[in-house]
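S.K.: Below is the structure I would like to discuss, written out as structure tokens.
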């Protein structure tokens, strides 16, 4: 029997990291994979001493799910944003190259700026050029280029509208749990109706990533999101339908919402490349219902 793959996971406490831990603990993978969580304070991706431990650690694969993802704060916290999203991943890629360890780095739809012209309203394939609108998007696009330029045995996985677990620590939750909380508080809700995304459950993304690295499939850029796309307003409305809530919900155009960091009106990623290899994530509707049920938020649960 072959030795288990030794995988290091950076960011195991995040919403995606938690789901990756669960996935690699399931019976079909637990005998094939030896997973080690690399988290603070023992491991810090921004620390040269932590990165210096990788060449001698014997990892087959490192999964980097850590990121600076406070999108609006990134407009003023530029140094912090680029340190976590670009410069630390570059040094990580160099350490992995020295060790001969494959690397998977998670990126985002924010590297795109589609929807400026009507003809661009089609999902973006991996080969589409990046055009980030925000500091956060630019930092992630820069990180992609630095990682792939530093180490050829790297996967870059872009996703969109990620939600899972208790949510992102930097954001104080995720979109789904935030909508439910505000609705239960009786707050009137104004949600953007003309920004289309492909919201993705962390559980499904973790399953796609596990398949990508254990198959293994070719290195390079991959898009992994739940199938289909929806506006944030439509997504919120479906959350309330499934959870049995009836808040004061109204649509608002992106132009009036005016977030600190510019958002693209269309940043849907194409999953065709993943589909051709057998990685098919369920529709966003199925994923949302599953998440609400597992979180005890589904009406009647």
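Derivation of every value follows stated rules applied to the coordinates shown; laboratory data play no part. Quick caveat, the model's predicted, so the values are computed rather than measured. FYI the Cβ positions are ideal-geometry reconstructions off the backbone, even for glycines, and counts take in every protein chain you see.
S.K.: Testing the spin-label approximation: label points 7 Å from Cα along Cα→Cβ at residue 121 and residue 46. State their distance in nm.
M.R.: Taking the simple label geometry, residue 121 and residue 46 are separated by 4.1 nm.
S.K.: Would you list 134, 301, 3, 267 from fewest to most Cβ contacts within 10 Å?
M.R.: 3, 301, 134, 267
S.K.: Further question: Given a cut-off of under 8 Å on Cα pairs at least six residues apart, what relative contact order in percent is computed for the chain?
M.R.: Once normalised by length, the contact order is 20 percent.
S.K.: Which residues does a label at residue 241 reach in segment 186-208, if reach means a backbone N under 20 Å from a point 7 Å past the Cα toward the Cβ?
M.R.: 189-201
S.K.: I've got another one for you. Along the Cα-to-Cβ line of residue 275, 7 Å from the Cα, sits a label point; which residues in segment 212-236 have backbone N less than 11 Å from it?
M.R.: Taking a point 7 Å out along Cα→Cβ of residue 275, the residues of segment 212-236 whose backbone N falls under 11 Å are 227-228.
S.K.: For residue 252 and residue 39, calculate 0.36 nm times their separation in residues minus their Cα-Cα distance, and state this gained length in nm to one decimal.
M.R.: 72.7 nm
S.K.: Where does each of 160, 96 land when they are ranked from fewest to most other beta-carbon atoms within 10 angstrom?
M.R.: Ascending number of Cβ neighbours within 10 Å: 160, 96.
S.K.: How do 204, 194, 28 line up, fewest other C-beta atoms within 10 Å first?
M.R.: Ordered from fewest to most neighbouring Cβ atoms within 10 Å, 204, 194, 28 come out as 28, 194, 204.
S.K.: Label 7 Å along Cα→Cβ of residue 128; segment 254-276 residues with amide nitrogen under 11 Å?
M.R.: In segment 254-276, the label zone of residue 128 (backbone N under 11 Å from the point 7 Å along Cα→Cβ) covers 265-271.
S.K.: Hey, what angle do you get for helix 175-184 against the long axis of the chain, alpha-carbon based, 0 to 90 degrees rounded to 10?
M.R.: 40 degrees
S.K.: How far, in degrees from 0 to 90, does helix 284-294 lean away from the longest principal axis of the Cα atoms of the chain, to the nearest 10?
M.R.: 80 degrees
S.K.: What's the center-to-center distance, using Cα atoms, between segment 248-299 and segment 44-74 in Å?
M.R.: If we compute the Cα centre of each part, the gap is 27 Å.
S.K.: State the percent of C-alpha pairs, over all pairs in segment 1-155, separated by a distance greater than 28 angstrom.
M.R.: In whole percent, the long-distance tail amounts to 25.
S.K.: Okay, next question. Pairs of alpha-carbon atoms within less than 8 angstrom and 6+ residues apart define the contacts here; what relative contact order does segment 125-253 have, in percent?
M.R.: Dividing the mean separation by the residue count of segment 125-253 yields 34 percent.
S.K.: Here is a further query. For segment 182-301, rounded, prolate or oblate, judged on the Cα gyration tensor with a ≥ b ≥ c (square roots of eigenvalues), a/c < 1.5 rounded, else prolate if a/b > b/c?
M.R.: Since a/c reaches 1.5 but b/c is at least a/b, the shape of segment 182-301 is classed as oblate.
S.K.: In addition: What's the center-to-center distance, using Cα atoms, between segment 191-209 and segment 80-152 in Å?
M.R.: What the calculation gives is 18 Å, centre to centre.
S.K.: Output the 0 to 90 degree angle, nearest 10, between the alpha-carbon long axis of helix 202-214 and the longest principal axis computed from the alpha carbons of the chain.
M.R.: 30 degrees
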